[in-house]
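The values are calculated or read from the model by the stated rules, or taken from the named source; none is laboratory data. Everything quoted here is computed from the prediction, not taken from an experiment. Glycine gets a Cβ as well: all are built from the backbone with ideal geometry, and neighbour counts include every protein chain shown. Accessible surface is based on the protein model in full, side chains and every heavy atom, while ligands, DNA and RNA are left aside. Shrake-Rupley method; radii C 1.70, N 1.55, O 1.52, S 1.80 Å.
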Amino acid sequence: MSTIGAAIIGCGAIAPLHARAILSMEGARLVAVADSDPERAAQAAQDYGCESVTDYKQLLGRTDIGIIHLCTPHHLHAAMAVEFLQAGHHVLTEKPMAIDVSSAQRMQEAAAVSKGQLGVVFQNRYNEPSIRIKETIDSGILGQLICMKGIVTWNRNEAYYTESSWRGKWATEGGGVLINQTIHTLDLLQWFGGEITSIKGSVTTDVLNEVIEVEDTAHACILFKNKVRGLFYGTNAYSVNSPVELELIFELGTLLLRRDCLYLWKDGHETLLCEPLSTAVEGKSYWGTSHNLLIRDFYKHIIDGREFWIDGNEGIKALEVITGIYTSSEVSGKKWAMDSLKLT
Ligand SMILES: NC(=O)c1ccc[n+]([C@@H]2O[C@H](COP(=O)([O-])OP(=O)(O)OC[C@H]3O[C@@H](n4cnc5c(N)ncnc54)[C@H](O)[C@@H]3O)[C@@H](O)[C@H]2O)c1
């Protein structure tokens, strides 16, 4: 069996999940890591037994590296992805794929003419409750979906923003709680609901306005073409990281995600449909625990020569939802630092 070589760019908080997924996979080899911080690069190389570089450009075009994992700050994803795609590599980028829609479109264009594929890490689509919800919608077993809501109440304190200087700034994070933390839940809502006809939202900074430029709290009402109404609330201003909550009301029953368990409420009875796998699964539970599943699936598609399903065209959708929330919030009167976002 031939082996596919990989490299990770950016050796910060999320990189170990990517590294351990690669190291655990038969047929994959972690060839190199890159980080502009020499100590981080060297430490990661020691941890994972691979080469390290401080300038990622040294990896461009290397024939022993098929797949590039982008684990860098948000504002770097687009340019790096385009460079690696143009050099013929496959690119798996962490979310968000870019900090604005026009940069994401450049990535799509680069992927369209590259022999490499572009994948976006929305690992929560691989969580069992997400799959069960999507199957229920598509099968129609509970009738039509009528409405749904998603609630994310997490905590990001001052230390979180000061330990990585790119966070909390429009130019480098591209937004706050919307683009960094709640993008997963917004992606699920749009995946469940389908085509969107309108978005009305608002964003505020409720707690950390001395520390961050961007919003820490947001709400939105999303209307879908099929008349489904989606409500969303997300904040980083809670005291703890609570599990994400979802509710989907169908004609014949309701699905509820509570404490990572999926329940069906039907005919006056509640039934547990699925529970979290175990506490030993890789990743913080509130991030979702499915990084490993998504990374393995990306590799499988590459090895089998099939198109990965969460590509640039899928990855951009959550970014468009977020853009809609920022834009409508601006219309409602609050002046946000929109210029750096280059919103379309
Ligand atoms: N999917 C998820 O659930 C999830 C969870 C956490 C983070 N993330 C995403 O992962 C990405 C990284 O986040 P993080 O929390 O690990 O950030 P981090 O700040 O901890 O790490 C980023 C790393 O990139 C390095 N870097 C910066 N500029 C670079 C350059 N030019 N070349 C090479 N390396 C460079 C930094 O030195 C740092 O080590 C972000 O897109 C973030 O949103 C995703």
Self-check item: Residues of segment 157-176 satisfying the condition of being more than 12 Å from the ligand (Cβ to nearest atom) and part of a helix (DSSP H, G or I)
Solution: 158, 159, 170, 171
Exercise. Kindly provide the set of residues from segment 148-163 that are over 13 Å from residue 188 (Cβ atoms) and either of a type in the set (Val, Ile, Thr) or surrounded by 15 or more Cβ atoms within 10 Å (Cβ to Cβ) (or both), ordered by number.
Key: 153, 154, 155, 156, 160, 161, 162
Quiz item: Out of (1) more than 10 Å from the ligand (Cβ to nearest atom); (2) surrounded by fewer than 19 Cβ atoms within 10 Å (Cβ to Cβ); (3) not hydroxyl-bearing (Ser, Thr, Tyr), what's the single condition that is false for residue 12?
Solution: (1)
Quiz item: Are any residues in segment 20-40 surrounded by fewer than 22 Cβ atoms within 10 Å (Cβ to Cβ) and more than 8 Å from the ligand (Cβ to nearest atom), and if so, which ones?
Solution: 20, 23, 24, 25, 26, 27, 28, 29, 31, 38, 39
Quiz item: What do you reckon, is residue 145 more than 16 Å from the ligand (Cβ to nearest atom) and touching a Ser or Thr at 6+ places or on another chain (Cβ under 6 Å)?
Solution: no
Practice problem: Select from segment 5-31 the residues that are in contact with a helix residue (DSSP H, G or I) (Cβ under 6 Å, 6 or more places away or on another chain) and under 16 Å from residue 72 (Cα atoms) and list them in ascending order. | Solution: 6, 7, 8, 9, 11, 17, 19
Quiz item: Could you say which residue among 249, 222, 199 is among the aliphatic types (A, V, I, L, M), open to solvent by 50 Å² or more (accessible area, probe 1.4 Å) and touching a Leu at 6+ places or on another chain (Cβ under 8 Å)?
Solution: 249
Quiz item: Any chance segment 74-87 includes a residue that's surrounded by fewer than 19 Cβ atoms within 10 Å (Cβ to Cβ) and either within 15 Å of the ligand (Cβ to nearest atom) or farther than 28 Å from residue 171 by Cα (or both)?
Solution: yes
Quiz item: Quick check: anything in segment 164-185 touching a Leu at 6+ places or on another chain (Cβ under 6 Å) and surrounded by fewer than 20 Cβ atoms within 10 Å (Cβ to Cβ)?
Solution: no
Quiz item: Among the residues of segment 124-147, is any buried (at least 24 other Cβ atoms within 10 Å of the Cβ), part of a loop (DSSP other than H, G, I, E, B), modelled with pLDDT of 95 or more and not small (Gly, Ala, Ser)?
Solution: no
Quiz item: Can you name every residue in segment 302-318 that is open to solvent by less than 80 Å² (accessible area, probe 1.4 Å) and in contact (Cβ under 8 Å) with a residue 40 or more places away in the chain?
Solution: 302, 308, 310, 311, 312, 314, 315, 316, 317, 318
